[in-house]
Structures are given as C-alpha cells and as structure tokens.
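Colleague: Following this message is one structure expressed as structure tokens.
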Amino acid sequence: MPDNGKINIAAYWAAGCGGCDVSILDTHEKLLDIVSVANVVFWPIAVDFKYKDVEAFEDGFIDVTLFNGAIRNSENLHLAKLLRKKSKVLVAYGACSHMGGIPGLANLTGKEEIFDYVYSKSPSTDNPEHIRPETKVKVKEGELEIPRFYNTVRTLDQVVDVDYYLPGCPPNPERFLDVWNVVLSGKLPPKGSVVGAFPHALCEDCPREVRNDKKFTEVRRIHLVDHKTLDKEQCFLEQGIMCCGPATRSGCGERCIRTNMPCRGCYGPMDDVLDQGAKLISSIASVLDLKDEEEIQRVIDQIEDPVGTFYRFGLPVSLLRRKSGS
C-alpha cells in the first residue's frame, strides 16, 4: 500500500477499439470515488504516461491492472508482459483481452493476405510500388522502430498469466463498479474467475417470451426486417433472427435486447460451455422447424457470415481458433 493509503491502479489499451476505456469513464461521478482511494499510475488514453514510467516501477508496484484489447503485435505483447510483471492482479478487461474480440476475426486470414489487401488491393489504396511498412528504418535522426505485426491474434491469457476476466464489449459500467467494490473489500474470488458477470445464460434474464409454439423456417437479418412485422415480445430465435443469448453469459444488463437488437455474444460463454459457437448452432437447431435435408440446407445458406455470427467475439479461444494454413 502506498504511503498515501491508496492502492495503485492501471489501465492499458492493446488491440481494441477504445470502448473499454470509455466504459470506465461511463461510471461518471463514481470515477471520482475511485480516484479518491486509488492512484492512477498508468492510463495512456487518459493521462500522459510513458512506458519508461512503468519500466521504472518495482515489480508488483501496481495493485490492479485492467488490460483491454487483444495481442495483435509486438508492442501489445511487450506491454502485456511488462504489466504482468509490475502488477499484483492482472484483469483481462473486455471481450478482446478475454476472448480475442472483433480483432480476433482476423484469424480467418493471415498477415500476408491482410498486408496484400491493405497495401495493394483495397479500393482506396494508391500504392503502385507496393511499399510495405518495415519494422525498422534509418532516418537522419537515427533508427525508427514500429511494432511487428503478428500472424495470429491472441488473447491476454494466451501470452501471460491472468488473474481475472471481466467480459463485455464493452463491460457494463455497473458490473465494473461491482468488481471495484470487491477489490476494495479485499475479498477476491478464486483466481481465474470471470467477474462482473453472472454464471447463467442471458436467456434467463431476457424480457422476451419463449413461446415454444412457433419455430422458424427462414433466417431473417435484423437490419432488413420490417419492424412492423417483428414481435417485440417474442424470442428473437423463434422469429428466425440469429441471437446469441442461449450460449452467452448474462451480466450486460440486456442492453441490446432491450433496444430491440439480438444478443451478439460479447460476454462469452458460461463456464460449462466448451465452445460458444457450437452451443449457438445447437440452440438454433432446436428451434428450426424443418425435416427435409434440402430445406435445412436452404435455411443454413441464409446465415450470412457464419463465423462472424457464431464466433464474433471468441474465435481465438474457440476450437477453431484460426484458419489453418495461414
């Protein structure tokens, strides 16, 4: 404990969108309560800290680090290892560090394919000489170095030891405050626990009705549905709209559902689910009212981007993990 009686906390943003940092800010005036009992010793998105500041800390100097974002490049990996060394407790904060998140969908391809598209083939690219970024380049002031882009997106616990997981894209601010109060109490759960979420499926807290008397025969995409024909009280899946609720942990506050959008799966699977995508496929099959194989295939073909639907946030931790041969 520092001399001022406060704990030291840190937050870092790796391969992600920044929404997790915003979720901390979304605690609003409660953030003032947090800083009244904690020293923010590293949070680059909010305050001008340098890596050398962290490197100078004694090992274990930081009491709690919230690490959001996946591991996409060498800079991400360096900071993951550095913050693990300097932190007593390291939390995988948000879907990207927890499961790979949206950046993890890049595992459907490889580095060379990505670079080829971005620097040569994309409609907005004007690069006739096909120049690619180099990790090191010499200029008159010296040598510049940029991070090395990895072939595979990895989760935080695939590169360092992680103490706790706080899921969500982004995490629910109310759940974050619940976790913060637990940290202050000193009564931490067993290492490896998913915190700031519930053990049961989102469906158990969903306000929509499961009627069981109506199964779907067509897949409908929510942004193409005439909302005049959408039953706002009935289960999305029973209406043929892909919803990840059956295989997704609750704790988000059902915010998507309550704004008439199906669950995307960002809170990840429950503890007893081995593969979130496989669980979702099984759930969909249970409400598909078809017997003929050709008809079943017809409906399956209506599911646009199956991997992006069933593994949107968790491809790097799934049984698939990545495209083979890339």
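Only the coordinates and a few stated rules stand behind these numbers; no lab work does. Please read all numbers here as calculations on a predicted model, not as lab measurements. Cβ coordinates were reconstructed from backbone atoms using ideal geometry, including for glycine residues, and neighbour counts include every protein chain displayed.
Colleague: Based only on other Cβ atoms within 10 Å, what is the fewest-to-most ordering of CYS20, CYS169, CYS203, CYS256?
Modeller: The most exposed by this proxy come first: CYS256, CYS203, CYS169, CYS20.
Colleague: Next question, about the same structure. Given charges of +1 on the Cβ of Lys and Arg and -1 on the Cβ of Asp and Glu, with all other atoms neutral, how large is the dipole of the chain about its Cα centre, in debye to the nearest 20?
Modeller: In debye, rounded to 20, the chain gives about 440.
Colleague: Over the range 150-248, what is the relative contact order in percent, taking alpha-carbon pairs closer than 8 angstrom and at least six residues apart?
Modeller: Once normalised by length, the contact order is 26 percent.
Colleague: Something else about it: Along the range 103-108, what does the Karplus equation 6.51 cos²θ - 1.76 cosθ + 1.60 (θ = phi - 60°) give for ³J(HN,Hα), rounded to whole Hz, x for Gly and Pro?
Modeller: So the Karplus estimates, Gly and Pro as x, are x, x, 5, 5, 5, 6 Hz.
Colleague: Quote to one decimal, in nm, the extra length available between ASP271 and VAL40 on full extension: 0.36 nm per residue of separation minus the C-alpha distance between them.
Modeller: Stretched out fully, the ASP271 to VAL40 stretch lengthens by 80.0 nm.
Colleague: Which three semi-axes in whole Å describe the equivalent ellipsoid of the chain, each the square root of 5 times a Cα gyration tensor eigenvalue, listed largest first?
Modeller: Square roots of five times the eigenvalues give 37, 28, 16 Å.
Colleague: If you build a Gaussian network model of the chain, linking Cα atoms that sit under 10 Å apart, which residue out of ARG72, ARG264, ARG298 swings the most?
Modeller: So, out of ARG72, ARG264, ARG298, the one fluctuating most is ARG298.
Colleague: Among VAL153, VAL182, VAL162, which comes first, then next, by fewest other beta-carbon atoms within 10 Å?
Modeller: VAL182, VAL162, VAL153
Colleague: Just subtract the alpha-carbon distance of LEU25 and GLU75 from 0.36 nm times their residue separation and send over the number in nm, one decimal.
Modeller: Extra length from LEU25 to GLU75 when fully extended: 15.5 nm.
Colleague: If you take every residue apart from THR27 with its C-beta less than 13 Å away from the C-beta of THR27, what net charge results, scoring Lys and Arg +1 and Asp and Glu -1?
Modeller: -4
Colleague: On to the next question. Taking the number of other C-beta atoms within 10 Å as the exposure measure, put ASP271, ASP289 in order starting with the fewest.
Modeller: Going from least to most buried by this count: ASP271, ASP289.
Colleague: Further, regarding this structure: Check which residues have an amide H placed less than 5 Å from GLY268's amide H, if you skip close sequence neighbours.
Modeller: Amide H neighbours of GLY268, under 5 Å, 5+ apart: ARG249.
Colleague: Hey, another quick one. At 20 °C and a viscosity of 1.002 mPa s, what translational diffusion coefficient does Stokes-Einstein give for the range 202-317, taking Rh as the Kirkwood radius over Cα pairs? Give it in µm²/s as a whole number.
Modeller: So the translational diffusion coefficient is about 148 µm²/s.
Colleague: Looking at the chain as a GNM with Cα springs under 10 Å, which of GLY253, GLY19, GLY186 has the largest mean-square fluctuation?
Modeller: Of GLY253, GLY19, GLY186, the Gaussian network model singles out GLY186 as fluctuating most.
Colleague: For the chain, set up a Gaussian network in which alpha carbons nearer than 10 Å are linked by springs, and say which option among ASP292, ASP275, ASP205 fluctuates the most.
Modeller: ASP292
Colleague: By how many nm would the segment from ARG221 to VAL182 grow when fully extended, if each residue of separation counts as 0.36 nm and the alpha-carbon distance is taken off?
Modeller: Additional length available on full extension: 10.0 nm.
Colleague: Which ³J(HN,Hα) values, rounded to whole Hz and listed in residue order, are derived for the range 266-276 from phi using the Karplus coefficients 6.51, -1.76 and 1.60 in 6.51 cos²θ - 1.76 cosθ + 1.60 with θ = phi - 60°, glycine and proline given as x?
Modeller: Taking θ as phi minus 60°, the curve returns 6, 8, x, x, 6, 4, 8, 9, 6, 9, 4 Hz for the range 266-276.
Colleague: Shifting gears a bit: Along Cα→Cβ, 7 Å out, is where each label goes; now give me the distance between the ones at ARG132 and GLU145 in nm to one decimal.
Modeller: With each label placed 7 Å out from Cα toward Cβ, I get 2.0 nm.
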